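Engineer: Pasting in a structure now, in structure tokens, and then I'll have a few things to ask.
The values are calculated or read from the model by the stated rules, or taken from the named source; none is laboratory data. For clarity, every value in this text was computed on a predicted model and none was experimentally measured. Please note: Cβ atoms are built from the backbone with ideal geometry, for glycine as well, and neighbour counts cover all protein chains shown.
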Amino acid sequence: MIEITTPSRLHIALIDLNASIGRVDGGIGLTIKEPGFRIIADRLDTPGEVVVTSEAAGGSAHAKRMGESALALLPDGGAGGGRGGIRIHIKHDAPPHVGLGSGTQAALAAGMAVNHLYDLGLSVRDIAIRVGRGGTSGIGVASFESGGFILDGGHKFSEKGAFKPSAASKSPPAPILFQRPFPDWEIVLAIPDARGAHNDNEVDIFGQECPIPLSEVQELSHIILLETLPAVVEEDIESFGDSINRIQKTGFKRREISLQRPEIPRIIELMQENTCGAGMSSFGPVVYGITDNKRDASHAVRLAREFLDETIGGCSIITHASNSGADISGVSGI
């Protein structure tokens with residue numbers, strides 16, 4: 001029996017959705033400690049049997065994904081000739097379709113449980129390919145594996161062939177070009193009671209908005225290479241925050257924000273006014289603000305909570321970067 005605790009991730013930006021240079025996607029992101037998953041898993045004797053139970057709020061949404069992912073990893077694909085099945089109990093989860101990458105973390109947690117319980121010897125990347133995650137962004141897979149701040153190199157456009165979100169792409173996870181521990185700064189999350197684009201809606205947006213102008217890709221690349229990355233290395237919160245603010249105004253991120261309900265841009269502005277830098281994660285609606293001042297973080301989380309209470313509902317928390325990825329350990333019982 002094993003216990004797996006996952007982080008979540010903030011997807012800061014997709015870099016190149018123009019693809020004229022021959023590659024597509026690419027992205028930067030940050031692994032965060034909360035909210036995340038905690039599951040307990042054990043083997044079952046019946047070949048191919050998968051049982052997923054939950055005591056978490058979003059359990060039903062994640063139970064299906066975990067069950068499918070576990071089945072994909074069971075010996076012989078979960079067929080009757082397999083060596084056994086698996087029982088997974090979700091103790092804690094992250095909200096689905098809000099921009100925290102919960103689908104990838106759920107799938108990888110279930111796959112890793114099978115991997116350990118059946119001693120399959122698979123890497124995190126191997127599991128991601130088997131469960132169909134990381135086809136556009138490699139940030140969530142790398143976050144599960146080892147955490148920190150991450151830059152991935154995207155995919156060859158000749159192989160991927162189209163502008164697609166991860167859930168609709170069969171490409172393997174992108175290569176990691178830069179991965180570094182992130183400073184212990186305060187990260188304020190505003191988690192609205194809403195859902196971001198996903199499934200067919202997300203596919204349609206990629207089709208309608210891409211390719212984006214090369215000039216915007218070049219502008220974004222300049223910001224990332226000569227402001228965001230040096231700020232992480234030098235632990236320069238002011239430059240990092242400024243780069244995050246700039247990223248919201250260009251490239252695919254600007255388009256993602258433009259498609260949100262009006263409360264989301266207002267939360268971004270509120271966070272930018274009260275932290276060193278703020279933006280929206282992935283397709284949202286989660287908004288994050290980053291500061292090295294605990295008092296500013298407390299003030300920002302209170303303002304965000306009040307705004308959400310007065311408008312669309314939701315919650316706001318303070319979290320920190322995770323620089324170690326998922327934790328896997330043995331347990332004595334459920």
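Engineer: Which residues, counting only those in the stretch 20-64, are at positive phi, in contact with a Phe, Trp or Tyr (Cβ under 8 Å, 6 or more places away or on another chain) and either crowded, with 16+ Cβ neighbours inside 10 Å or modelled with pLDDT under 95 (or both)?
Structural biologist: Scanning the stretch 20-64 gives no hits.
Engineer: Step by step: first the residues of the stretch 132-151, then only those that are modelled with pLDDT of 95 or more and touching a helix residue (DSSP H, G or I) at 6+ places or on another chain (Cβ under 6 Å), then the one that is surrounded by the fewest Cβ atoms within 10 Å (Cβ to Cβ). Which residue is that? Talk me through it step by step, then tell me what you get.
Structural biologist: Restricting attention to the stretch 132-151, the residues satisfying the condition of being modelled with pLDDT of 95 or more are 139-151.
Add one more test, that the residue is touching a helix residue (DSSP H, G or I) at 6+ places or on another chain (Cβ under 6 Å), and what stays is 140-141, 144-145, 149-150.
Values: GLY140: 31, VAL141: 29, PHE144: 31, GLU145: 24, PHE149: 27, ILE150: 29.
If we take residues in the stretch 132-151 being modelled with pLDDT of 95 or more and touching a helix residue (DSSP H, G or I) at 6+ places or on another chain (Cβ under 6 Å), then GLU145 is surrounded by the fewest Cβ atoms within 10 Å (Cβ to Cβ).
Engineer: Within the stretch 173-187, work out how many residues are within 15 Å of HIS155 (Cα to Cα) and crowded, with 19+ Cβ neighbours inside 10 Å. Spell out the reasoning first.
Structural biologist: Residues of the stretch 173-187 that are within 15 Å of HIS155 (Cα to Cα), as a first pass: 173-177.
Filter once more, keeping what is crowded, with 19+ Cβ neighbours inside 10 Å: 173-174.
Looking only at that region, the number is 2.
Engineer: Separate question: Suppose we keep only residues that are touching a residue at least 24 places away in the same chain (Cβ under 8 Å) and over 20 Å from the mean Cα position of the chain (by Cα) within the stretch 250-266. Which one would you say is nearest to VAL203 (Cα to Cα)?
Structural biologist: Filtering the stretch 250-266 for residues that are touching a residue at least 24 places away in the same chain (Cβ under 8 Å) and over 20 Å from the mean Cα position of the chain (by Cα), the one nearest to VAL203 (Cα to Cα) comes out as ARG261.
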